[in-house]
Amino acid sequence: MRWSSRRTVAFSALAIASIIALLVAGLLIYFFAVISPKVPPIDAVTDYKPKIPLRIYTADNVLIGEFGEEHRDFVAIKNVPDLMKKAVLAIEDTRFYEHGGIDWIRAAAAVRANLKGGFRQGGSTITMQVARNFFLSRDKKIGRKVNEVALAYKIEGALSKDQILELYFNQIFMGRRSYGFASAARAYFGKDLEQLSIAEMAMLAGIPQDPVRHNPAVNPRRAKQRQETVLRRMRDVGFITEAQFAAALAEPMRIASARQEFGTHAEYVAELVRQEVVAEFKDEAYTRGLSVITTIRKAEQDAAYDSVRRNVLAYDQRHGYRGPEAFIDLPTEPAEREEAINQALRARPSSEGLVPVVVTEAGPKLVKVENLDGDSIAISGANLKFAAPALAANAKPSLMLRPGAIVRIAREGDKPWAIVQVPLVAAAFVALDARTGAYHALVGGFDFNLQKYNHVTQAWRQPGSSMKPFIYSAALERGYSPATMILDEPLNMPGENAGATWSPQNDDGKFDGQVTMRFALAHSKNVPSVRLLRAVGTTYAHNFLGKFGFTAEKHPNNLTLALGTGAVTPLQMAGAYAIFSNGGYQVKPYLIAMVKDAAGTVIAQTKPAPTLDETARVLDARNAFVVDTMLRDVTRYGTGAAATQRLSRTDIAGKTGTTSDAVDGWFAGYGANVVAVAWMGYDDPKSLGGREFGATLAM
């Protein structure tokens, strides 16, 4: 009886095992005979051709811009640091080098977890993730998972483990518009892979699971939690020691700003180049790995950017605090309060060094603010001076600093934080090689992130007195000389069609009687300039401007031409002043030196016209020489003297320019074969202030 019972049990077990075996065999036959042939070909991985973005560099090989569908820096697996690989393997696929594409042990654990509560735990290997990233969606569906398994087997049969890992390291999406770990290292930390610390490697390794939730730039706390999980896993599997684990946990995370991944602030340069390259190569420009070498040099671009930034901020400080950017209601519940602050600050446009914060406490002697990272910062003493009007008891509600106010703070080096504001005034700077036209530096505005409008190439503004040298050059061509005497006395001109009398005035309101042409230009005398233009002839002078590349219809054919009432761009002014610098030759500005393909082969190169080619002469050498001597007097003892003294330069020639009611401020000049133009003004033209002049505004 017992024997019969045992035989029945054994028979049943054998039958069940046979059924399971038949089912497995059937599934395998179905999988390899039906499903596997239907999966897409894997040419995309066996013949991997990643989309490489357009990259733009300075002449000294500093990256200044990147444009493309996918931001990617391809890195060979042999060049990936060992600990970086181990960080990924620890959290994603510890048995990667042991399984054949599917980790059945991990898959079984995932099935158990999923049966308990839905598809909550993944069993995907790195090979399966490669299959998904190249061919499939991220949906957690049975059909997609089966195809993923089939593709994983195909990939494992076609590629080595290192080749598969190389695909993963270069193809995976990492957030912040970055694909692959090398690009992510630059985007998040401003570093190459080999420069990363263990903590930074762990941070990157944790991102692929959820590039939004674990993005350290957007969700620093969640990213930190994920990083700790990666580090703990690395320690548990023996990839790092306990000491390395502790040190990495304690390391503070410093996430680079979106612009720190580039070597210098040349956003306006990069955008100009992008437009030129796309015009030539169309949409292919964004994917074929083109490298564009510009004529810009990092040191000069840095100096130009810092100068524009410094002058604009100084002007803004002189003209007072305008009040908070906005106000929000601060909930009393801590979690809601934190979310309200984060949401408000994420919505504020970023500007280099001008950090948006929310005021949490405000008093006449102490203001506390909170930044996006949740840090509380106390500001007191002299660092509240700029915003003092907003702390007064009788301040207007729109101006008052109170809890919930959104303001900006900044600091110099390790100095305490101070309350500042985003300037409203605009500015521009451009420098060219006066002999070839090659750009040396270009800053199209205060901050590209705040305004993409390039004032160097797009802003048509009144040049004011910076236009006078061209009127004086026309006079020289008519036979006048720097020693010619001109009367500096009140001048009343009858208006056209019996209109009101026009009486031009000197900026200082004074008259000096008989003065030389040289003196009149050096001191930017308006009345002598109008008299000179009347003697030369407005039509002659108007036509003469064409020699310098100015647009005729942008300038009046009347006596106000002497006061610069027409319109020019800073780039036009730079090209025009280059003619005085180089002895009379017109140059064509250019920005791109060469273009290389992904293999490094030069496929396009700019060949500037021969230096000082006589065919490019537009002005008699004697005329250019005399104007040059007059412009040097402007900077020695005239309106530009104070500014050039601040620069500690004795070799500069140039001219300041201030338009009527100080709406525009200019300085145009040159030295050492470089011509430069600086401009400042409001986009919606209005006075910069009664005590503001081109000599102080633009330099």
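Rule-based calculations on the coordinates, nothing more; no lab input. Just so you know, these numbers come straight off a predicted model, no measurement behind them. Quick reminder, even Gly has a Cβ in these numbers, built from the backbone with ideal geometry, and neighbours come from all protein chains shown.
For the range 231-365, the spread of Cα positions along the three principal axes, ordered from largest to smallest, is 59, 55, 30 Å. Under a model in which nothing but the beta-carbon of Lys, Arg (+1) and Asp, Glu (-1) is charged, the range 386-512 shows a dipole of about 720 debye around its Cα centre. When the Cα positions of PHE386, TYR179, ALA574 are compared along the charge dipole of the chain, TYR179 comes out farthest toward the positive end, with charges on each C-beta of Lys, Arg, Asp and Glu. Mean projected area of the convex hull spanned by the Cα atoms of the chain, taken over all viewing directions: 43.5 nm². In a simple Cβ point-charge model (Lys, Arg +1; Asp, Glu -1; nothing else charged), the chain has a dipole of about 1880 debye relative to its Cα centre. Computed over the range 315-416, the alpha-carbon pair-distance distribution with 10 angstrom bins reads 15, 50, 31, 4, 0, each value a whole percent.
The overall shape of the range 207-255 is oblate: from the C-alpha gyration tensor, with semi-axes ordered a ≥ b ≥ c, the ratio a/c is 1.5 or greater and a/b is no larger than b/c. Computed packing ranks the peptides 285-293, 664-672 as 664-672, 285-293, most packed first, by mean other Cβ atoms within 10 Å.
Against the chain, whose longest principal axis is taken from its Cα atoms, helix 126-135 shows a tilt of about 60°. Counting only lysines at least 8 places from LYS554 when in the same chain, those with an alpha carbon closer than 17 Å to its own are LYS468. Helices in the chain, meaning DSSP H runs of at least 4 residues, each add -39500 (n - 2.57). Divided by all residues, the mean residue ellipticity at 222 nm is -11500 deg cm²/dmol. Computed over the alpha carbons of the range 70-250, Rg followed by Dmax gives 15.8, 45 Å. Straight-line cross-link reach from LYS154 at under 19 Å between alpha-carbon atoms covers these lysines, not counting any fewer than eight positions away in the same chain: LYS38, LYS49, LYS145. Within straight-line reach of LYS51, meaning a Cα separation under 18 Å, sit the following aspartates and glutamates at least 8 residues removed in sequence or on another chain: ASP43, GLU66, GLU69, GLU70, ASP73, GLU166, ASP283, GLU284, ASP597. Kindly provide log₁₀ I(q)/I(0) values, in the same order as q = 0.18, 0.22 Å⁻¹, from the Debye equation applied to equal alpha-carbon scatterers of the range 555-676. Relative scattering, expressed as log10 I(q)/I(0), comes to -1.05, -1.32.
One quarter of the convex hull surface built on the alpha carbon atoms of the range 252-330 amounts to 10.3 nm², the projected area averaged over directions. Using θ = phi - 60° in the Karplus curve 6.51 cos²θ - 1.76 cosθ + 1.60, the 3J(HN,Hα) couplings for the range 624-633 round to 4, 5, 5, 4, 4, 5, 5, 5, 5, 5 Hz; x is entered for Gly and Pro. Projecting the Cα atoms of THR287, ALA314, MET630 onto the charge dipole of the chain (Cβ charges, centred on the Cα centre) puts THR287 farthest toward the positive pole. Annotation: average projected area of the range 169-303 is 9.9 square nanometres, based on the convex hull of Cα atoms across all directions. For ARG297, the amide hydrogen comes within under 5 Å of the amide hydrogens of ALA59, counting only partners 5 or more places away or on other chains and with H modelled in the peptide plane. Descending by average beta-carbon neighbour count within 10 Å, the peptides 474-480, 523-529, 486-492, 295-301 line up as 523-529, 295-301, 474-480, 486-492, the highest first. Give the separation of the Cα centroids, the range 617-668 to the range 564-593, in Å. Value for the Cα centre distance between the two parts: 14 Å. For the range 342-355, 3J(HN,Hα) computed residue by residue from phi via the Karplus equation (6.51, -1.76, 1.60; θ = phi - 60°) reads 4, 5, 5, 6, 5, 7, 7, x, 7, 9, 3, x, 9, 8 Hz, glycine and proline entered as x.
Here the 3J(HN,Hα) profile of the range 235-250, calculated from phi with Karplus coefficients 6.51, -1.76 and 1.60 at θ = phi - 60°, is 5, 5, 8, x, 7, 9, 7, 4, 5, 5, 4, 5, 5, 5, 4, 7 Hz, Gly and Pro shown as x. When +1 charges are put on Lys and Arg Cβ atoms and -1 charges on Asp and Glu Cβ atoms, the dipole computed for the range 477-630 relative to its Cα centre reaches about 260 debye.
Dipole of the range 429-492 computed with +1 at Lys/Arg Cβ and -1 at Asp/Glu Cβ about the Cα centre; of HIS455, TYR472, LEU491, farthest Cα towards the positive end is HIS455. Summary value for the chain: 11 percent relative contact order, contacts being C-alpha pairs under 8 angstrom separated by 6+ residues.
Compared with the dominant Cα axis of the chain, that is its longest principal axis, helix 570-582 is turned about 60°.
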